[in-house]
Amino acid sequence: MYSTFQLAAKYLRFYVGASNSKGHGVHSPFVFDFIQYVLNDDRVFYAYRQIENLRQLLKADQRVLEIKVGGDTSGASTSGFRKIADIASSSVGSAKYGQLLFRITDKYGPSEILEIGTSLGITTGYLAMANPNTSVTTIEEAGSLAKIASANFQKLGIRNVRLLEGDINQQLSGWLAQGRNIDLALVNGLQVGKSVIRYYRSIRNNIHEKSILVFDGIHTGTDMEEVWKEIQQDQAVTLSIDLFGMGLVFFRKEFRVQQHISIRF
């Protein structure tokens with residue numbers, strides 16, 4: 001993981017080299033539309049306040065959770081203790097990017113959404129509340145987090161989320177084996193780089209031309225940056241958009257040559 005100073009320096013370099021946030025000089029109609037009507041959509045949707053009010057409550061929650069997750073290939077597991085308040089403050093996607101995911105869902109209308117890494121369910125809320133007719137499947141390895149997330153879905157009145165608890169690889173494999181076509185997938189931050197590329201290789205067998213895959217935290221460390229580059233270079237990918245905090249990949253056939261675009265957001 002990069003330090004705060006290293007991240008700031010990387011963002012400065014990113015900012016200098018990235019395209020502006022207004023779409024000036026962008027030739028692709030699809031990318032221009034994405035910038036204008038998704039990135040720059042400043043409408044305040046009904047769900048934003050509900051979700052952010054819940055986030056504030058979680059930031060004040062002093063309950064301590066034991067976080068148990070799978071370990072190495074030997075089957076060993078690791079565990080630690082964290083306050084819900086600390087998780088809500090540092091390990092949950094920001095409002096900025098959560099609301100972007102809401103707008104992506106609202107704009108492109110995915111029927112089947114997959115999220116890897118539920119945490120407290122805040123980002124899941126943004127994905128699910130954008131369209132109550134969308135089916136959202138979210139996978140969380142830590143049972144204590146899954147329990148809190150499930151309670152949060154009830155507080156938000158969400159009924160279109162299926163939460164799978166347990167080993168991510170096993171749950172993902174079983175879900176994909178059902179022949180699901182993924183319209184939108186999100187791999188949340190704090191995943192190890194080698195795990196992220198494994199998830200991607202599994203997911204891409206269930207995608208189609210209009211699928212959108214989103215990867216959180218692509219510049220948080222050298223391992224994630226290497227994984228992001230590997231995903232970008234996959235021949236199936238026709239367009240990648242780097243927002244620094246998140247990376248998006250598309251498979252649309254209208255892009256005959258791979259395009260990789262960095263945009264200030």
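The values are calculated or read from the model by the stated rules, or taken from the named source; none is laboratory data. The model shown is predicted, which means the values in this text are computed figures rather than measured ones. Here Cβ is always computed from backbone atoms with ideal geometry, including for glycine, and neighbour counts include all displayed protein chains.
Key figures for this structure:
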{"item": "Leu186 being touching a Ser or Thr at 6+ places or on another chain (Cβ under 8 Å), in a strand (DSSP E or B) and within 22 Å of Glu226 (Cα to Cα)", "result": "yes"}
{"item": "Residue in segment 69-81 that is surrounded by 13 or more Cβ atoms within 10 Å (Cβ to Cβ) and among the hydrophobic types (A, V, I, L, M, F, W, C) present", "result": "yes"}
{"item": "Among residues of segment 1-36, those that are in contact with a His (Cβ under 8 Å, 6 or more places away or on another chain) and either more than 14 Å from Thr220 (Cβ to Cβ) or not hydroxyl-bearing (Ser, Thr, Tyr) (or both), counted", "result": "3"}
{"item": "Criterion: under 13 Å from the mean Cα position of the chain (by Cα) and either at pLDDT 95 or above or farther than 17 Å from Leu54 by Cβ (or both) - qualifying residue of Thr134, Thr118", "result": "Thr118"}
{"item": "Candidate set from segment 172-196 (those that are buried (at least 19 other Cβ atoms within 10 Å of the Cβ) and of a type in the set (S, T, N, Q)); member that is farthest from Leu213 (Cα to Cα)", "result": "Gln191"}
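Here is a yes/no grid of residues against (1) outside any loop (DSSP other than H, G, I, E, B); (2) more than 17 Å from Leu120 (Cβ to Cβ); (3) touching a helix residue (DSSP H, G or I) at 6+ places or on another chain (Cβ under 8 Å):
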residue: Gln154; (1), (2), (3): yes, no, no
residue: Gln171; (1), (2), (3): yes, yes, no
residue: Arg180; (1), (2), (3): no, yes, yes
residue: Ser202; (1), (2), (3): yes, yes, yes
residue: Asn205; (1), (2), (3): yes, yes, yes
residue: Val214; (1), (2), (3): yes, yes, yes
